[in-house]
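The values are calculated or read from the model by the stated rules, or taken from the named source; none is laboratory data. Note that this is a predicted model, so its numbers are computed, not measured. All Cβ positions, glycine included, derive from the backbone under ideal geometry; neighbour counts span all protein chains shown.
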Amino acid sequence: MSTTNDGVNDDGVHRERARTGWLGAGREARRTHVRAVTHQSASVLLGYPDQDFFERLPLVARAVAELPRGSVRSELLEFCEHASSTPELELSAHYVDVFDLRRRRALHMTYYTDGDTRRRGHALAEIKRVYAECGWCVQARELPDHLAVMLEFAARGDADAGHELLVDHRAGLDLLSEALRGHGTPYVRVVEAVRHTLPAPRRADHERVRRLASEGPPAEDVGMEPYGVRPRVPLPLTDVSGKER
């Protein structure tokens, strides 16, 4: 059985051509690239705006500028422009004010569906299991459901598993987007860019969001001790510097 010069099996190449054709295969590759750049850029932009953030911001802006014209590119570029023109201390203070768990603007996705309950501990363990099976290590000070962490995993860890995690937590993304829009913060543009990478929501997805928005996260205030989480305190800041793990 022969292979091409780049090590790809000929039979596999022919099957891919037959199924999608050259244009289809190229289109899928471009879609995968756009999604990876979007997820990695959003991961950086949703991190705490410290010195590393501002050092990486020009790189993110250049990567985003090379994306195809459209909603994702526009949303991310607008936020990059906002971040680059805002003083560091001002943007940092805004970040702390925006991502406030008490006002349902959490970056931790399981909070929206599981609140402060034992069930959330199980949900966190499940996300951590997905990471481990893909060989992705999350630093001890990070919660695995932090949106920036999930996005970095989708971009640099395992694209398919990461995409599935984001789809599974679509309700949290939708609720976060609504809350950010209501607060009037430019951070909504970053979350909207992420949502554009997901498939169209189903009727059941809309119904789940409406129910969670009406009822709010469940509260039990126990069961999170293994993850160092205490209820109703500011969220821990997450290191998404991209340094080797």
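Inspect all residues belonging to the range 165-174 and state whether any of them is in contact with a Phe, Trp or Tyr (Cβ under 7 Å, 6 or more places away or on another chain) and modelled with pLDDT of 90 or more.
Checked against the condition, which is being in contact with a Phe, Trp or Tyr (Cβ under 7 Å, 6 or more places away or on another chain) and modelled with pLDDT of 90 or more, the range 165-174 yields no hits at all.
For the range 135-147, name all the residues that are of a type in the set (A, V, I, L, M, F, W, C) and either in a loop (DSSP other than H, G, I, E, B) or surrounded by fewer than 20 Cβ atoms within 10 Å (Cβ to Cβ) (or both). Passing the criteria: TRP136, CYS137, VAL138, ALA140, LEU143.
The selection criterion, being of a type in the set (Lys, Arg), surrounded by fewer than 18 Cβ atoms within 10 Å (Cβ to Cβ) and either assigned to a helix (DSSP H, G or I) or at pLDDT below 95 (or both), holds for ARG31. Checked against (1) assigned to a loop (DSSP other than H, G, I, E, B); (2) over 24 Å from LEU198 (Cβ atoms), PRO58 passes all but a single condition, namely (1). Applying a threshold of 7 Å to beta carbon distances and a minimum spacing of six or more residues, or different chains, the list of pairs starting in the range 147-158 at a residue that is among the acidic types (Asp, Glu) and ending at one that is at pLDDT 95 or above and buried (at least 24 other Cβ atoms within 10 Å of the Cβ) reads GLU152/SER43.
Could you list, in sequence order, the residues of the range 84-134 that are assigned to a helix (DSSP H, G or I), touching a helix residue (DSSP H, G or I) at 6+ places or on another chain (Cβ under 9 Å), touching a residue at least 40 places away in the same chain (Cβ under 8 Å) and not hydroxyl-bearing (Ser, Thr, Tyr)? Within the range 84-134, LEU91, HIS94, VAL98, LEU101, ARG103, ASP114, ARG119, ARG120, GLY121, LEU124 qualify. When ALA83 is tested against (1) closer than 24 Å to GLU164 by Cα; (2) buried (at least 20 other Cβ atoms within 10 Å of the Cβ), only condition (1) is not met.
In the range 142-169, of all residues being of a type outside the set (A, V, I, L, M, F, W, C) and over 15 Å from ARG35 (Cβ atoms), the one that is farthest from the chain's Cα centre (by Cα) corresponds to GLU142. Determine whether the range 112-130 contains at least one residue that is under 18 Å from VAL191 (Cα atoms), surrounded by 19 or more Cβ atoms within 10 Å (Cβ to Cβ) and either of a type in the set (Phe, Trp, Tyr) or in contact with a Leu (Cβ under 6 Å, 6 or more places away or on another chain) (or both). Yes - at least one qualifying residue is present in the range 112-130.
Here is a yes/no grid of residues against (1) within 23 Å of ARG156 (Cα to Cα); (2) at pLDDT 95 or above; (3) among the charged types (D, E, K, R); (4) surrounded by fewer than 12 Cβ atoms within 10 Å (Cβ to Cβ):
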position	(1), (2), (3), (4)
LEU23	no, no, no, yes
GLN40	yes, yes, no, no
PHE54	yes, yes, no, no
PRO68	yes, no, no, yes
